[in-house]
Amino acid sequence: MTGLILGGVLAVVILAILAAIRNLIIICPPNRVAVISGRSRQLSDGRTVGYRAIRGGRTLRVPLLERVSWMELNTIPIEVSVQNAYSRGAIPLHVQGIANVKVSSVEGLLQNSVERFLEVPQSEIANIAKETLEANLRGVLATLTPEEVNEDRLKFAQTLIEEADDDIKTLGLELDVLKIQNVTDEVGYLDSVGRRQTAEVLKEARVAEAQRKAEAEESEALSRQRAEIATAQADLKIVEQQNALRVRQAELEAIAGAAEAEAKVAGEKAKVVAEQELETERVKLETRRLEAYVVAPARADLEAKELAAKADAAKIIEEGNAQIEVFRRLVEQYQAAGADAQRVFVLRMLPDLIDKIVSTVGGVDISKVSIIDSGGQGSGIPGFMGQLPAAVIGLAEQLENATGVDLLKALRPDAIDSPPPATPYVSRP
């Protein structure tokens, strides 16, 4: 029984200790900030504050000396709306937008949010952020024209974010999103601008349509023109190719003709060369034949005739030498004969001379000599006989003219008794 009591007491003590420890351990989730106040601490910028903030994680608090407060980091949606906010040009506008803000957990801004919004409901934080954003929205609208606000809402929202960023951060908040949803006005300015722009757009559309139509027609005309040009160029190319084909055919035909002519000429040339070679062989054969049957016998005959001529020449030379020897001895005999030598020489030559003279009329056949007596003095036979001495004298003169020897003078007795003049011997052929 005592054991049970002790066990119960021990369990209670343990539970009490655990409850105390659980109460002393502070665990901070990521979407909340735990602010532990009660003791002083120095910040990084040198300031001294009486709290410390925990962003996610855990820590221990000192019992009785420190107290824990919580701040939510969840996003707070805010509807931003301004009425009759004058834009540049004094046109009142109605602008509606939406923004998302939250308590900043960034080092340096967290202290601002702790000092301003610790244990402040989020609704009140949203009202403060809304009033700040609307004030900044009116300030931004005053610098923009309605057209700029309406046409470029992204630029308008970005300008608003840049304008409100410093104020929001000063409060310790962060502006996550800011979008402009609607822009209107009560005087119908934007509608007029819209209609004008619509008219301009319609006008531009009609002009663009007309331009596009004209461009389409021009493009179609250009296409037709290009097609016709392409067709003409294609026809021209076809004609050029046909001309080139004809030229090539002509060139090939010319080449073929030239090749055929060259082949024909080569054939003729080969034929002529063959004929020339054959003729050369024939000439060689004929030369050999002539050499064997004509030249060789002629050469042999020539050599034989040369030998015969040499023999005849030797014979003539020997005979001439013999006659020279005879003449030399005759001269010696004549010279030895003295005064009778000339008479001997003439007498020895007289038969030959007579033969020569007679031989000149040897071809004359005298069958009959008729002597006609005219009955006058000196005619008939006496006349003929009277002409004989004159004929003998004429014959002697002819012998003298032919031989240089006065035959009648040599036959005279006084010429025989007197010694002949010393005249050199002249041989005659």
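Would you mind finding the one in ARG55, ARG67, ARG61 that is in contact with a helix residue (DSSP H, G or I) (Cβ under 8 Å, 6 or more places away or on another chain) and free of Cβ contacts under 8 Å to residues at least 40 places away in the same chain?
Checking each option against the conditions leaves just ARG61.
(1) crowded, with 20+ Cβ neighbours inside 10 Å; (2) closer than 29 Å to ILE54 by Cα: which one isn't true of LEU110, the others all being true?
(1)
Going by the structure shown, is ARG22 surrounded by 10 or more Cβ atoms within 10 Å (Cβ to Cβ) and either modelled with pLDDT of 75 or more or not in a loop (DSSP other than H, G, I, E, B) (or both)?
In short, no.
More than 60 Å from the chain's Cα centre (by Cα), closer than 17 Å to CYS28 by Cβ and outside the structural domain of ILE26 (by TED's automatic domain parsing): which single residue out of VAL95, VAL103 fits that description?
None of the others qualify; the one that does is VAL103.
Would you confirm, using the coordinates I've provided, whether VAL295 is under 60 Å from the mean Cα position of the chain (by Cα) and either aliphatic (A, V, I, L, M) or surrounded by 10 or more Cβ atoms within 10 Å (Cβ to Cβ) (or both)?
no
Yes/no matrix, rows are residues, columns are (1) charged (D, E, K, R); (2) within 60 Å of the chain's Cα centre (by Cα); (3) within 15 Å of VAL82 (Cα to Cα):
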{"site": "LEU110", "(1), (2), (3)": "no, no, no"}
{"site": "ALA126", "(1), (2), (3)": "no, no, no"}
{"site": "VAL149", "(1), (2), (3)": "no, no, yes"}
{"site": "GLU162", "(1), (2), (3)": "yes, no, no"}
{"site": "GLU174", "(1), (2), (3)": "yes, no, no"}
{"site": "GLN181", "(1), (2), (3)": "no, no, yes"}
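Out of ILE125, ILE91, ILE78, I need the residue that is at pLDDT below 85 and surrounded by 19 or more Cβ atoms within 10 Å (Cβ to Cβ). Which one?
Residue meeting the stated conditions: ILE91.
Of LEU43, LEU73, LEU60, LEU65, which residue is modelled with pLDDT under 80 and either assigned by TED's automatic domain parsing to the domain that holds GLU134 or in contact with a Lys or Arg (Cβ under 7 Å, 6 or more places away or on another chain) (or both)?
LEU65
Filter the stretch 159-173 for residues that are out of contact with any helix residue (DSSP H, G or I) (no Cβ under 8 Å at 6 or more places or on another chain) and loosely packed, with under 13 Cβ neighbours inside 10 Å and give the result.
Across the stretch 159-173, the qualifying residues are GLU162, ASP166.
Of the residues that make up the stretch 59-72, is at least one under 25 Å from LEU178 (Cα atoms) and either touching a strand residue (DSSP E or B) at 6+ places or on another chain (Cβ under 6 Å) or not in a helix (DSSP H, G or I) (or both)?
Checked against the condition, which is being under 25 Å from LEU178 (Cα atoms) and either touching a strand residue (DSSP E or B) at 6+ places or on another chain (Cβ under 6 Å) or not in a helix (DSSP H, G or I) (or both), the stretch 59-72 yields at least one hit.
The values are calculated or read from the model by the stated rules, or taken from the named source; none is laboratory data. Quick caveat, the model's predicted, so the values are computed rather than measured. We place every Cβ from the backbone using ideal geometry, glycine too, and count neighbours over all the protein chains shown.
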